[in-house]
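The values are calculated or read from the model by the stated rules, or taken from the named source; none is laboratory data. If you're wondering where the values come from, they're calculated on a predicted model, not measured in any experiment. Here the Cβ positions follow ideal geometry from the backbone for every residue, glycine too, while neighbour counts run over all protein chains shown. Only protein heavy atoms, including side chains, enter the accessible area calculation; ligands, DNA and RNA are left aside. Shrake-Rupley method; radii C 1.70, N 1.55, O 1.52, S 1.80 Å.
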Amino acid sequence: MELSKVILKAALLVLTTAAFCVCQLSVFYLARRKGHIPSTRWYSSIFIVLVTPEVISLLTVIWNTPFLAKGNLWKWPRLKNVFTGVFVSLLEVTCICLLTIEVAPFLPVFHYFPLLNIVLLTAPFVDAFRQKGVDFHDDVENSEKKDCCSTTGKSKAVRIGAFLVGLCLSIYIIFILRRDFVLTDVASVIFALCLIALSVAWLPTVRNFIFEPRLPSDNVIYRNNVSVLYHVVKIAGFCFFTLWLFTFEAENNTFSTIFEIDVFNFDITTSVLITVSCCSVLVCNIFTSLSTKWSCNRIVLNGSSFISGPIIIGVSIYLALTGNALENFTDDSLPYTILALSLILWALPFLVWKFRLYEDTDYLLVPTEHVFTCYSINPFFLTQHLFANYTPQNIFEQCSDKYLNKKATTIFICTTMYREAEYEMRRLLISLRKLSLSEKLKRENVYIETHIFLDGGAEGGRLKEFALQLLSLVTDTLHVDITEGTGCQTPYGLQMLWMVPGGMQIFFHFKDNKKVKAKKRWSQVMYMNYIIEHRTKKVSAEQREVSESSLKDSQWPRTKPNVITITVTDENGNISHPFDENVNRPIALTKDNLSVYSENSIRDNDTIDSFSVHSMGSEGDHLDDYPSHDMTGSCMNVDAVSLSSFASIPDLRIYRESLKSNPNYHKDDCPDLPSVFTVSSHVQSTESSKVQLDERSYILATDADMGFDADAVLNAMRLSNENLGIGGICGITHPIGKRQSPLVWNQMFEYCKDFWSTKSAQNVIGSVMCCPGCFSLYRLSALTDVMADYADPTVDSLGVFTKDTGEDRWMCTLMMLRGWQLRYSYAARNTTYCPDNFGEFIKQRRRWILSDLANSLLVMKNIRQLVRNNNCFSVAFSVYLLQLFFITLLAPGSTILMLAIGFDFIFHIETYVTAPIIIVLILAYTGVCVSDVRPKIMEHVTKWFMVFAGIAGSIVIIGSGYFVTADILREIEEGTLQFQEHFLIFSVVIALFYAAILHPRDAWVLVCGIWYVFFFPALYMVLPVYTICNLVDQSWGTREDQKAEIPKSIYLPKMKKKLKKKKKKKKESKVPRLTDDDVSSVFQMEGEDRHQEENEQEFWSRIVDSLLGPEINRGSDKAQLAALLLSLRRKSVVIFLVINFIWAISVCVVYAFLLSSSGGLNAIGVIFGVIYGYSLSVQVIGMTVCRVNDAITWIARLSCDEDKNIWVHPRET
């Protein structure tokens, strides 16, 4: 690790030094080209080099600042500070222009460059006369850091002396240069006055004053607001002074002359110097930011600033010697004397500052705006301007708790289940077991517990088929003895609990839809309230109990064994005993005497309706006190259809009142019901359990078919821990299918494409609009802010799509309205099963498209509130969202255009022929969808229409690609290449390949893009029409017809011989059935355990009665919603189709009749460039910045100081 630190800092030092040298040498020698190129081109090149850094800084500020949020637009420094700042900016611009245009062209670089360092000596000289004797390093508490900048005694004399020495050297050098006619009298005066003016303008005291905020808490906002003004003033100033000096130089130069030049007609040398200088400024900015983020300013910035001087001087001397530049001097020895004095002048500031102009921060990944007052770097005064902007504030006392990063984190994994297949449930449970065993989570001090909510898992005290399927996987996937679980009935249904190897608790919550509301959103409302209002308090209490009692025994208390009771009845409800007359007697069950009955144990027509397992002892009882039974193993079949009640395997310690009322019940064999041991009330004293439920408490929401690991959880958790303003984080989800098919491959590519581009862009420019519910980490405090609104009932048609079918998008919108940020982490990788059959695919997309459109409308409706309340909603981000909304809305019309223009391009069929044909086909398909045809017929029609559109789209895309490539090659060969609309197609393709390069781990999915090409017209033309026509459908769409895989074997005591006899004896009887004897599962608690369980029962009773009950706050009933949706469909279908048809026809008319076949900008290219160009540019920039930030963070964690915490961004309120 130490070696990696050294290598990192050394590499960054070398690269930064090289960037500093290249930047300054390029601009100096560009200035020296005055007189060697036409005057107009030289002035324009200087103007470009001066203005480019300011333009980049201005755009950066505009990009990063939410001016309209919460009145930020009016947060400005005091008027006197602003006027001073404008004056200082104009003074800076004037001095830089005069030095660059009137002085730099006439001085050798090795003389001009060191003289600039007099600016760095002014700050310590002024600080030496300040009464308090401190400077801008006041924030540094460390005495060692203070020592380098203290201004008392000897240090004060050194600073004054160094300044006087530097001043004398500068005057002497300027005098010599003027004497030898290198500088004129005017240039010498300008040189001296400009250096003095810049020394004053760049004093830290002056810089702090012009950026001084009214409120220290909003320092960055005030600074960014006024920075926009200062950058605009500088850009205008550079423009004015450059033009003024240009006209002042010669009488025939006028303001209009410079605009007549062609800036692209520079000679090669000038073009290279301009390009290199502009790019190197940007590179210097990047390396400076990296040095700050990796906390190595002391080595990198100090080192590169100092080392670059001798390198630049040496290179310039070499170039001067080869070009005979020294022959202007009368004394051959004098240039070398001046050179020696220049080197002393260059090194003097670094000696005064003890080579510590810049200090390392105490944190990693510190934002640049907290260390530098503005983003710009002037290329002609790179080192001096960088130091002038260095004003570290609050970087050494960023938060009151220095070890905030070392706090424990609490994560509650909450999963909603519905009708998942066995292999989907298995995948989730295996992921949870691996998570529990993860050493990485323990090292990060993470406490995790899991809650799985199964919708419709219970009914009247009985477990239904999907609950049985889930329970059958417990032993195999979680590697726990299923008999070690605990369970109870609750006001919402049934609850069970196991402790997974590794220490994680996993709760199964089986909802009874007759007791609580069904559907996913209400399951989420359940676990949000349960976690926030109950579990967090209980976990906190348990931690206090553990810390106070210091449990001596880390072993779990042993309880008395379980008992199994079986009640078999015939079709008339009479109790039948096919096994034994004492079959209903409780039998002690231990690990050693479990067995399974053979299929001969019951008759073929017998059905087992229920059995129960009961905890027989309280804490401290021993298994040895109970009799064991000689048992052997064999298998018993269970009817999958009739096995629909309470349990199918001995895994539940649930007491039944019916047990006591059974006439065959023997009290001696089954003592009074004891207390139930719950894992949650006896948490082991492990380090990971010492949690503080603060801003580091989360809910990890997952779907029931997810696969993920500890790295995914940790990456999402770290990102959220480091920014307290983040309300939710999603990872990248990779779809897999149980069966591989083109439909699955299309989704693989589509998922990656959307995460690469859309999520990355939103993550950088603003906020992720939707953290998918399949795998997202939500901060509990953010959920608390939106929980009340999220539990609102559905009362209108829009609520059906926002609340019931797009619940994750709606919750994210509510969070953003409360000011929370939503983020995306590429490192939080997870997988999910995607639809692999056509019916589920189109139904899932119907739900997604409707929820996307509905929430987009909601965002547009509340855009003003979002802009004011959320700092993520900058102007650029708002424009991006608005453009994406219109792109989504006009997707069918744009696809019609693509097909029509493609057929015109390939087969020369006019667009006014093909476009109406496609429109007629869509109208016919719409008629089928809105009619009363059976769903299966509609599904088949949609399938074949999608195939037809896919074939047509593939022909257009492949054929157009061939002809466009041929045209481009021909135009290149003929030298007539010009912009055309098909360049946009190539830009999209290039962007996809670029995205794959940025994400090499997933680059292979480009192969699946072949199938995305085929499905493209269907995704953007057919499915939107299908969706609008079927918005009356309120079903979930997926897994509606899923069948559970009922477990085929159970463990029961051995009574093989008697059972066979009974079976033969009862062979002629009617088919029996198994019933659940009205189980009430009343637990008898003792002491604290009883109090804790009663508290949970009281919580559930309260929440069911006030919020979750089926009849509580229902909103509009299904009939009312159906009528509203039917009315909405009539309007939506007409409006949606009319808008898209008008769009398609209008562009076709432009293409067919108004498009000139001659050269120039193509009208279609302009239209589509305006519509898609901005979003494409934002996405390319966004995913680039996102991946660069990921790399910076990864390197900071891997190679930087381990004793330094990560910078924690506070939440902006």
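Taking the options ILE430, ILE395, ILE448, ILE482, name whichever one is crowded, with 19+ Cβ neighbours inside 10 Å and modelled with pLDDT of 90 or more. I'd like the intermediate steps shown before the answer.
On the way: ILE430 fails: crowded, with 19+ Cβ neighbours inside 10 Å; ILE395 fails: modelled with pLDDT of 90 or more; ILE482 fails: modelled with pLDDT of 90 or more.
That would be ILE448, the only listed residue that is crowded, with 19+ Cβ neighbours inside 10 Å and modelled with pLDDT of 90 or more.
Select, from GLU1212, GLU1094, the only residue that is modelled with pLDDT under 80 and touching a Gly at 6+ places or on another chain (Cβ under 9 Å).
Details: GLU1094 fails: touching a Gly at 6+ places or on another chain (Cβ under 9 Å).
Going through GLU1212, GLU1094 in turn, just one is modelled with pLDDT under 80 and touching a Gly at 6+ places or on another chain (Cβ under 9 Å): GLU1212.
From (1) within 30 Å of PRO935 (Cα to Cα); (2) touching a Ser or Thr at 6+ places or on another chain (Cβ under 8 Å), pick out the condition that doesn't hold for ASN837.
(2)
Residues that are open to solvent by 50 Å² or more (accessible area, probe 1.4 Å), modelled with pLDDT of 85 or more and not hydrophobic (A, V, I, L, M, F, W, C): does the stretch 968-981 have at least one? Let's see the steps before the verdict.
At the first step, the residues of the stretch 968-981 found to be open to solvent by 50 Å² or more (accessible area, probe 1.4 Å) are 969-970, 972-979.
Those left that are additionally modelled with pLDDT of 85 or more: none.
Checked the stretch 968-981: no residue is open to solvent by 50 Å² or more (accessible area, probe 1.4 Å), modelled with pLDDT of 85 or more and not hydrophobic (A, V, I, L, M, F, W, C).
Report the residue count in the stretch 1110-1119 for those that are more than 35 Å from the chain's Cα centre (by Cα) and either open to solvent by less than 70 Å² (accessible area, probe 1.4 Å) or under 26 Å from THR926 (Cβ atoms) (or both). Working first, answer last.
Our first condition is that a residue be more than 35 Å from the chain's Cα centre (by Cα); within the stretch 1110-1119, this holds for 1110-1112, 1116-1119.
From what's left, either open to solvent by less than 70 Å² (accessible area, probe 1.4 Å) or under 26 Å from THR926 (Cβ atoms) (or both): 1110, 1112, 1116-1119.
Here the count works out to 6.
Take the residues in the stretch 230-247 that are crowded, with 16+ Cβ neighbours inside 10 Å and of a type in the set (A, V, I, L, M); name whichever of them is modelled with the lowest pLDDT.
Top of the filtered list is LEU245.
Just checking, which of ARG846, ARG809, ARG829, ARG818 is charged (D, E, K, R) and touching a Lys or Arg at 6+ places or on another chain (Cβ under 9 Å)? Explain how you work it out, then say what you get.
Working: ARG846 fails: touching a Lys or Arg at 6+ places or on another chain (Cβ under 9 Å); ARG809 fails: touching a Lys or Arg at 6+ places or on another chain (Cβ under 9 Å); ARG818 fails: touching a Lys or Arg at 6+ places or on another chain (Cβ under 9 Å).
The match here is ARG829.
Is at least one residue of the stretch 24-39 open to solvent by less than 50 Å² (accessible area, probe 1.4 Å) and out of contact with any helix residue (DSSP H, G or I) (no Cβ under 8 Å at 6 or more places or on another chain)?
Looking through the stretch 24-39, none of the residues is open to solvent by less than 50 Å² (accessible area, probe 1.4 Å) and out of contact with any helix residue (DSSP H, G or I) (no Cβ under 8 Å at 6 or more places or on another chain).
Restricting to the stretch 1023-1037, name every residue that is surrounded by 18 or more Cβ atoms within 10 Å (Cβ to Cβ) and modelled with pLDDT under 75.
GLY1037
So that you can scan it fast, the table gives a plain yes or no per residue for (1) buried (at least 20 other Cβ atoms within 10 Å of the Cβ); (2) under 12 Å from the mean Cα position of the chain (by Cα):
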| position | (1), (2) |
| --- | --- |
| SER697 | yes, no |
| THR702 | yes, no |
| ASP705 | yes, no |
| PHE708 | yes, no |
| ASP711 | no, no |
| ALA716 | yes, yes |
| SER720 | yes, yes |
| GLY728 | yes, yes |
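So how many residues does the stretch 171-194 have that are open to solvent by less than 10 Å² (accessible area, probe 1.4 Å) and modelled with pLDDT of 80 or more?
Within the stretch 171-194, residues that are open to solvent by less than 10 Å² (accessible area, probe 1.4 Å) and modelled with pLDDT of 80 or more number 3.
Touching a residue at least 60 places away in the same chain (Cβ under 8 Å), closer than 26 Å to LEU357 by Cβ and either outside any helix (DSSP H, G or I) or open to solvent by 10 Å² or more (accessible area, probe 1.4 Å) (or both): which single residue out of LEU91, LEU120, LEU99, LEU50 fits that description? Before you say what the answer is, go through the steps one by one.
Working: LEU120 fails: either outside any helix (DSSP H, G or I) or open to solvent by 10 Å² or more (accessible area, probe 1.4 Å) (or both); LEU99 fails: either outside any helix (DSSP H, G or I) or open to solvent by 10 Å² or more (accessible area, probe 1.4 Å) (or both); LEU50 fails: either outside any helix (DSSP H, G or I) or open to solvent by 10 Å² or more (accessible area, probe 1.4 Å) (or both).
Going through LEU91, LEU120, LEU99, LEU50 in turn, the sole match is LEU91.
Look at the stretch 824-834 and say how many of its residues are closer than 30 Å to PRO935 by Cα and open to solvent by less than 20 Å² (accessible area, probe 1.4 Å).
Residues of the stretch 824-834 closer than 30 Å to PRO935 by Cα: 832-834.
Filter once more, keeping what is open to solvent by less than 20 Å² (accessible area, probe 1.4 Å): 832, 834.
Of the residues in the stretch 824-834, 2 are closer than 30 Å to PRO935 by Cα and open to solvent by less than 20 Å² (accessible area, probe 1.4 Å).
Which pairs turn up if I take residues in the stretch 1-21 that are more than 13 Å from VAL300 (Cα to Cα) and look for partners that are open to solvent by less than 40 Å² (accessible area, probe 1.4 Å) and among the hydroxyl-bearing types (Ser, Thr, Tyr) with beta carbon separation below 8 Å, at least 6 apart in sequence or on another chain?
Partner pairs satisfying both residue conditions: MET1/SER1199; SER4/SER1199; CYS21/SER308.
Taking the condition of a type outside the set (Asp, Glu), touching a residue at least 24 places away in the same chain (Cβ under 8 Å), open to solvent by 40 Å² or more (accessible area, probe 1.4 Å) and assigned to a helix (DSSP H, G or I), does LYS70 pass? Steps first, answer last, please.
Working: of a type outside the set (Asp, Glu): yes; touching a residue at least 24 places away in the same chain (Cβ under 8 Å): yes; open to solvent by 40 Å² or more (accessible area, probe 1.4 Å): yes; assigned to a helix (DSSP H, G or I): yes.
Judged against the criteria, LYS70 is a match.
Can you tell me which of (1) over 30 Å from LEU814 (Cβ atoms); (2) in contact with a Gly (Cβ under 7 Å, 6 or more places away or on another chain); (3) among the basic types (Lys, Arg) is the one ARG847 doesn't meet?
(1)
Yes/no matrix, rows are residues, columns are (1) open to solvent by 10 Å² or more (accessible area, probe 1.4 Å); (2) touching a Leu at 6+ places or on another chain (Cβ under 9 Å); (3) among the aliphatic types (A, V, I, L, M); (4) over 28 Å from GLN1042 (Cα atoms):
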| site | (1), (2), (3), (4) |
| --- | --- |
| GLU807 | no, no, no, no |
| THR813 | no, yes, no, yes |
| ARG847 | yes, no, no, no |
| LEU853 | yes, yes, yes, yes |
| SER856 | yes, yes, no, yes |
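Among the residues of the stretch 491-520, what is the count of those that are in a strand (DSSP E or B) and either in contact with a His (Cβ under 8 Å, 6 or more places away or on another chain) or open to solvent by less than 10 Å² (accessible area, probe 1.4 Å) (or both)? Don't jump to the end; show me each part of the working.
Going through the stretch 491-520, the residues in a strand (DSSP E or B) turn out to be 493-500, 504-512.
Next cut, either in contact with a His (Cβ under 8 Å, 6 or more places away or on another chain) or open to solvent by less than 10 Å² (accessible area, probe 1.4 Å) (or both) only: 493-498, 500, 504-512.
Matching residues across the stretch 491-520 total 16.
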